[in-house]
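Down below is the structure, laid out as structure tokens.
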Amino acid sequence: METRETDVGKMETQLKEWGTKLDELVAKADAAGKEADTDYRKRIDNLKAKYQVAHSKLDELKAAGSEKWDTFGTGVESAWNELRDAFKELTN
């Protein structure tokens, strides 16, 4: 049980860090105004969507409790990987 709580805590911390980075990326795009590349803005919107999915999946996992960890854990892991990869793609 402790490792699940630890894992969720780590995920919450990482999600907050990604949320801060996402806010920074949005602010940069907004500051660039019309000069911001349309593709860049689309990628930020995609990142926002993936962030929301990961956040929702983590909330579902926390609400489900330990008996459903395996069921919801797979969905969280998938959403997590997609979000991580989208961040890597956008920031590289």
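Within region 1-39, if we keep just the residues that are of a type in the set (Lys, Arg) and at pLDDT below 80, the residue that is surrounded by the most Cβ atoms within 10 Å (Cβ to Cβ) turns out to be Arg4.
A quick yes/no check of all residues on (1) within 17 Å of Arg84 (Cα to Cα); (2) of a type in the set (Ser, Thr, Tyr); (3) touching a residue at least 60 places away in the same chain (Cβ under 8 Å):
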residue	(1), (2), (3)
Val8	yes, no, no
Thr13	yes, yes, no
Lys16	yes, no, no
Gly19	yes, no, no
Thr38	no, yes, no
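The values are calculated or read from the model by the stated rules, or taken from the named source; none is laboratory data. Owing to the predicted nature of the structure, the values given are computational and were not obtained by experimental measurement. FYI the Cβ positions are ideal-geometry reconstructions off the backbone, even for glycines, and counts take in every protein chain you see.
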